[in-house]
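Scroll down for the structure; my scribbles are underneath it.
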Amino acid sequence: MYPPDHGSALAGMSDEQKEYEAMKLVDAMNKMMETGIVKPGTIGDDGKLREVSHVLELLKDAPEPKQEDSDSD
């Protein structure tokens with residue numbers, strides 16, 4: 001059984017606050033990679049796992065997020 005849904009942790013945050021928190025997360029991931037605590041990887045062209053040199057490499061092959069319809073009709 002799943003725990004009850006408590007809503008989004010991002011509810012009530014401005015876009016600027018969300019961006020600030022996202023950048024803190026990227027910085028924290030980068031520091032953990034630099035110190036060797038974590039070693040994220042991706043699948044290389046040869047089909048084998050390879051270590052990434054920066055967190056943003058993980059986004060290279062990520063699917064594009066769905067665009068929501070705007071209310072600018």
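The values are calculated or read from the model by the stated rules, or taken from the named source; none is laboratory data. Just so you know, these numbers come straight off a predicted model, no measurement behind them. Here the Cβ positions follow ideal geometry from the backbone for every residue, glycine too, while neighbour counts run over all protein chains shown. The area values use the complete protein model at the heavy-atom level, side chains included, leaving out ligands, DNA and RNA. Shrake-Rupley method; radii C 1.70, N 1.55, O 1.52, S 1.80 Å.
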TODO: Enumerate the amide H contacts of VAL52 below 5 Å, restricted to partners 5 or more residues apart or on another chain; note that Pro and chain-start residues carry no placed amide H.
DONE: GLY41, THR42
Open item on the list: What lysines does LYS24 reach when the alpha-carbon gap must be under 23 Å and sequence neighbours fewer than 8 apart in one chain are set aside?
Closed with: LYS39, LYS60
- [ ] With a point put 7 Å past each Cα toward its Cβ, work out how far ALA62 is from MET23 in nm, to one decimal.
- [x] 1.7 nm
Open item on the list: Run the paramagnetic zone check for LYS31: 7 angstrom along Cα to Cβ, then residues of the range 38-66 with backbone nitrogen under 18 Å.
Closed with: 38-40, 54-56
Open item on the list: What number comes out for accessible area per residue over the chain if the probe is 1.4 Å? Units Å², please.
Closed with: 97 Å²
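Taking the convex hull of the Cα atoms, report for the range 1-65 its projected area averaged over all directions, in nm². Show your work: numbers first, answer last.
Numbers: hull surface 28.8 nm².
Reported value for the Cα convex hull: 7.2 nm².
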TODO: For the range 21-33, just list the computed ³J(HN,Hα) in residue order, Karplus coefficients 6.51, -1.76 and 1.60, θ = phi - 60°, integers in Hz, with x standing in for Gly and Pro.
DONE: 5, 5, 5, 4, 5, 4, 4, 5, 5, 4, 5, 5, 5
